[in-house]
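The structure under discussion appears below in the form of structure tokens.
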Amino acid sequence: MGLGDEVKDQLSFLGGFKLTFQHLTRPRVTTSYPDEKRAKQPRQHGRHVLNRYEDGMEKCIGCELCAGVCPADCIYVRGLDNPPDHPVSPGERYGYVYEINYLRCIHCDMCVEACPTEAITESKLFEFSFTNRSDAIYTKKELLVDDRGMPQKLPWEDWREGDDMMTSGWMRATAPSGNAAYEGEVQWSGELGYGVRAPEGGQSGHRDDELTGTKPLRDILEAHLLTEDIPLAHRGMQGRVWRAKIGAEKNKKKMEAMRVRMNDLRAARKAAKAKGKA
Amino acid sequence: MIAALLAHLGVAISATGSPLTSPNQGLGDPLFSQGFTWEVWVILVVKVLVAFVVLLIATAMMIWFERKVISDMQSRIGPNRAGPWGLLQTLADGTKLIFKEDLVPEQSDSFTFKLAPYLSTVPAFITFAVVPVGGIIRLGSHTFELQVADPPIGILLVLAMSGIAVYGVMLAGWSSGSKYPLLGSVRASAQVISYEAALGMTVVTVVLVSHSLSTRAIVAAQSNGFWNWNLIRLGFVPFIFFMIAITAELTRPPFDLTEADSELVGGFHTEYSSMRFGMFYLAEFMNTITMSAVVVTLFFGGPNGLIPPWPGATIYMPLIWFLLKTVAFCFIYVWFRAALPRLRYDQLMDLGWKRLIPMSLAWLLLVAAVVTWHWSGLIMAPVVLAAAVLLVRATRLGSDATKRDSVLPSVGRRVAPATRLPDGPRQGVDA
């Protein structure tokens with residue numbers, strides 16, 4: 001190594017200064033959360049729901065497989081024989097007690113994979129909180145879907161629009177036996193009233209993210225990739241146009257939201273004034 | 001002899017006609033030249049109070065500034081909930097800290113444990129007293145300098161206070177009765193002592209060309225254009241040494257071994273909670289501001305700068321210049337934190353003892369030679385160069401003696417994808 005190379009090597013730390021300074025002008029990867037929420041991924045694991053058949057029968061047969069497979073030991077199930085005159089589930093037994101402790105649950109979805117009747121699935125809801133430990137335990141009362149097959153929207157939970165339509169379970173986390181060609185297969189359990197979701201794309205690139213509702217993180221974070229990792233179409237001048245378009249769209253949304261807020265405020269003020277006059 | 005020197009200085013500087021100078025330059029604040037009347041006391045008290053309050057507010061702003069800049073550099077948003085742009089975040093944090101439970105560990109030496117935060121905070125306040133923030137103000141028959149105190153020892157006070165502040169850290173770690181704080185404080189004392197030597201020698205180079213220890217005189221000696229700044233007069237190098245040494249002295253990243261989160265939990269303040277922790281935090285950020293101000297004072301002409309012919313500009317323009325320069329250095333400290341990974345302990349000692357101290361000593365000798373007689377500088381240069389070559393050779397021999405293989409390859413380098421690798425041996429792959 002020559003002297004010049006050695007000096008260059010010793011001063012290579014200056015690259016860090018350049019990089020961090022460049023980042024000042026780059027778009028932020030985080031969002032100001034409660035005001036601006038990022039779209040959920042279709043595979044998002046949220047709180048559970050206990051499903052029913054279309055005739056209103058509960059799917060749970062009280063087999064306790066979910067409790068057995070749970071790595072966090074957060075599920076407590078007790079089965080009971082169905083009363084012959086008014087059965088709760090079509091099987092022999094039904095889930096008499098069903099409790100999930102959300103202080104323990106790690107949302108791994110293994111219960112969903114274990115369930116033989118697709119009785120337990122996960123919604124995408126994660127915005128719920130409690131102020132004491134007993135509130136963290138969801139019982140059958142909270143978990144069971146309503147008569148239309150929709151999850152209950154409990155008052156302390158923050159449901160977003162369309163969330164309750166996406167409660168089907170992801171049945172396999174990976175392709176069987178690691179088969180990369182296992183693509184285009186429906187791997188969702190059916191959804192009450194909505195049928196089956198479109199199959200997700202695999203690794204091959206033949207994927208329809210629009211159809212499956214997948215939002216690749218890659219697009220969001222693309223501005224922060226190394227140049228050689230950015231797709232050709234998004235580099236240089238083309239990329240600048242593309243980013244400008246995305247930025248304009250984002251700004252438009254922001255302005256729209258602001259206008260709505262201003263209108264609401266104005267309306268509220270007007271209403272208050274009218275009330276004062278009356 | 002000192003009086004003669006000071007008199008000589010006074011003549012030399014009053015001739016420059018800068019708004020930063022006064023007739024009795026170098027003899028301390030002209031405020032006291034007419035004795036201590038009650039007006040003098042009022043001016044003094046107001047100066048102290050204003051400095052205290054402004055420094056507290058500036059610290060709050062600095063914490064906000066650091067968090068915001070570092071989040072920008074990491075492509076995050078940063079604090080944005082309390083007040084506009086999160087400006088009141090520090091206030092919210094402080095309020096929270098005050099109301100938190102104040103824990104004193106059972107194993108701790110409780111008196112020392114409680115004393116330590118004050119030993120950290122008080123020097124942080126005192127250091128700022130000697131920083132000249134503006135020019136000379138005339139108020140009625142009184143003339144005074146815009147700085148809390150202008151003692152003849154000036155810059156020595158900064159060194160002394162940064163020395164005392166180590167006691168805060170050291171006693172905090174020692175009295176906590178816990179291993180992580182102890183390790184942190186041992187590191188802190190070793191680090192600060194190592195870098196104080198280099199720091200002192202770079203300060204001496206400044207003093208050599210300024211002919212005074214007084215900060216006001218140092219600033220005044222740099223007036224009349226930026227080419228008179230010590231940064232340029234001393235040839236950039238002492239500034240770089242000073243910057244490195246002061247960052248180590250502040251125990252700020254990349255020299256934050258004393259509170260290395262990943263190794264020592266929180267370092268010396270692991271066991272502290274509530275406002276006692278808050279005081280360490282306050283001291284840390286206040287020191288950052290103060291040391292930015294000290295760098296500006298020593299190398300960037302302090303409040304010196306272009307003064308446009310606007311009414312009253314001689315009063316507010318020096319303040320604005322001082323503020324701008326100080327904020328720039330605050331930014332640079334934050335930039336350090338964003339860009340540089342923490343040094344390993346041996347790297348820290350290596351940089352301090354084998355590089356900074358010999359190099360700052362060499363530069364000090366060069367400057368001293370040039371100041372005494374220009375031609376002796378030419379004689380000194382080859383001597384210094386020869387010494388440098390010998391030293392480098394000695395350290396090379398030393399590191400060859402301990403087998404190179406026993407040292408791990410430098411960490412933290414990203415392995416480039418194979419397609420981007422130039423032809424030639426790859427690090428860690430080909431021997």
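The values are calculated or read from the model by the stated rules, or taken from the named source; none is laboratory data. Note that the coordinates shown come from a computational prediction; the quantities given were computed from them, not determined experimentally. All Cβ positions, glycine included, derive from the backbone under ideal geometry; neighbour counts span all protein chains shown.
Values as computed for the structure displayed
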quantity	calculated
Candidates B:Gln147, B:Gln74, filtered to the one that is away from every other protein chain (no Cβ under 14 Å) and over 18 Å from B:Phe280 (Cα atoms)	B:Gln147
Condition check for B:Pro303: outside any helix (DSSP H, G or I), closer than 21 Å to B:Tyr167 by Cα and either of a type in the set (Ser, Thr, Tyr) or in contact (Cβ under 8 Å) with a residue 24 or more places away in the chain (or both)	no
Selection within the stretch B:243-277 - in contact with a Leu (Cβ under 8 Å, 6 or more places away or on another chain), farther than 21 Å from B:Gly177 by Cβ and not hydrophobic (A, V, I, L, M, F, W, C)	B:Glu249, B:Thr251, B:Pro253, B:Pro254
Complete set of residues in the stretch B:232-249 that are touching a residue at least 60 places away in the same chain (Cβ under 8 Å) and crowded, with 21+ Cβ neighbours inside 10 Å	B:Leu234, B:Pro238, B:Phe239, B:Phe241, B:Ile244, B:Ala245, B:Thr247, B:Ala248, B:Glu249
Identity of the residue in the stretch B:316-343, more than 14 Å from chain A (Cβ to nearest Cβ), surrounded by fewer than 19 Cβ atoms within 10 Å (Cβ to Cβ) and over 15 Å from the mean Cα position of the chain (by Cα), that ends up nearest to B:Pro132 (Cα to Cα)	B:Leu319
Failed criterion for B:Asp109 (all others in (1) over 19 Å from the mean Cα position of the chain (by Cα); (2) surrounded by 18 or more Cβ atoms within 10 Å (Cβ to Cβ) hold)	(2)
Residue in the stretch A:107-142 that is farthest from A:Gly79 (Cα to Cα), counting only those that are of a type in the set (D, E, K, R) and in a loop (DSSP other than H, G, I, E, B)	A:Glu127
Failed condition for B:Thr16, given (1) at pLDDT below 50; (2) more than 27 Å from the chain's Cα centre (by Cα); (3) outside any loop (DSSP other than H, G, I, E, B)	(3)
From A:Leu103, A:Leu80, A:Leu125, residue being under 30 Å from A:Glu36 (Cβ atoms), at pLDDT 90 or above, assigned by TED's automatic domain parsing to the domain that holds A:Ala39 and not aromatic (Phe, Trp, Tyr)	A:Leu103
Considering residues of the stretch B:113-130 that are crowded, with 17+ Cβ neighbours inside 10 Å and among the β-branched types (Val, Ile, Thr) only, the residue farthest from B:Ala217 (Cα to Cα)	B:Thr121
Residue match in the stretch B:62-69 (condition: within 14 Å of chain A (Cβ to nearest Cβ), buried (at least 20 other Cβ atoms within 10 Å of the Cβ) and of a type in the set (Lys, Arg))	yes
Subset of the stretch A:1-29 (residues that are among the small types (Gly, Ala, Ser) and more than 7 Å from chain B (Cβ to nearest Cβ))	A:Gly2, A:Gly4, A:Ser12, A:Gly15
Positions within the stretch B:78-92 being touching a Ser or Thr at 6+ places or on another chain (Cβ under 9 Å) and surrounded by fewer than 18 Cβ atoms within 10 Å (Cβ to Cβ), in sequence order	B:Asn80, B:Arg81, B:Ala82
One residue from B:Ala116, B:Ala165 being touching a Pro at 6+ places or on another chain (Cβ under 6 Å) and not hydroxyl-bearing (Ser, Thr, Tyr)	B:Ala165
Flag if B:Pro84 is more than 30 Å from B:Thr215 (Cα to Cα), more than 18 Å from the chain's Cα centre (by Cα) and within 14 Å of chain A (Cβ to nearest Cβ)	yes
Output for the stretch B:356-401, where each listed residue is surrounded by 10 or more Cβ atoms within 10 Å (Cβ to Cβ), over 25 Å from B:Met243 (Cα atoms) and of a type in the set (Gly, Ala, Ser)	B:Ser376, B:Ala386, B:Ala394, B:Gly398, B:Ser399
Enumerated strands (runs of 3 or more DSSP E) restricted to the stretch A:1-106, each holding at least 2 residues that are free of Cβ contacts under 8 Å to residues at least 40 places away in the same chain and β-branched (Val, Ile, Thr)	A:75-81
Matching residues, the stretch B:93-103, being of a type in the set (A, V, I, L, M, F, W, C) and either crowded, with 16+ Cβ neighbours inside 10 Å or at the interface with another protein chain (Cβ under 9 Å from one of its Cβ atoms) (or both)	B:Leu97
Unique match (being buried (at least 18 other Cβ atoms within 10 Å of the Cβ) and either in contact with a Leu (Cβ under 7 Å, 6 or more places away or on another chain) or within 14 Å of chain B (Cβ to nearest Cβ) (or both)) among A:Val88, A:Val49	A:Val49
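Every residue, every condition in (1) modelled with pLDDT under 90; (2) surrounded by 18 or more Cβ atoms within 10 Å (Cβ to Cβ); (3) of a type in the set (Gly, Ala, Ser), yes or no:
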position	(1), (2), (3)
B:Pro132	yes, yes, no
B:Arg138	yes, no, no
B:Ser141	yes, no, yes
B:Ala149	yes, yes, yes
B:Met161	yes, yes, no
B:Arg187	yes, yes, no
B:Val192	yes, yes, no
B:Tyr195	no, yes, no
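Each row is one residue, and each column tells you yes or no for (1) over 20 Å from B:Leu208 (Cα atoms); (2) within 29 Å of the chain's Cα centre (by Cα); (3) touching a residue at least 60 places away in the same chain (Cβ under 8 Å).
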{"position": "B:Trp363", "(1), (2), (3)": "no, yes, yes"}
{"position": "B:Ala368", "(1), (2), (3)": "no, yes, yes"}
{"position": "B:Thr372", "(1), (2), (3)": "no, yes, no"}
{"position": "B:Trp375", "(1), (2), (3)": "no, no, no"}
{"position": "B:Ala386", "(1), (2), (3)": "yes, no, no"}
{"position": "B:Leu391", "(1), (2), (3)": "yes, yes, no"}
{"position": "B:Arg396", "(1), (2), (3)": "yes, no, no"}
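A quick yes/no check of all residues on (1) modelled with pLDDT of 90 or more; (2) aliphatic (A, V, I, L, M):
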site	(1), (2)
B:Ala4	no, yes
B:Pro30	no, no
B:Gly35	no, no
B:Lys47	no, no
B:Val54	yes, yes
B:Thr59	yes, no
B:Phe65	yes, no
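Okay, residues lined up against (1) touching a strand residue (DSSP E or B) at 6+ places or on another chain (Cβ under 7 Å); (2) in the same structural domain as A:Pro151 (by TED's automatic domain parsing):
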{"residue": "A:His23", "(1), (2)": "no, no"}
{"residue": "A:Lys40", "(1), (2)": "no, yes"}
{"residue": "A:Gln44", "(1), (2)": "no, yes"}
{"residue": "A:His48", "(1), (2)": "yes, yes"}
{"residue": "A:Gly62", "(1), (2)": "yes, yes"}
{"residue": "A:Cys74", "(1), (2)": "yes, yes"}
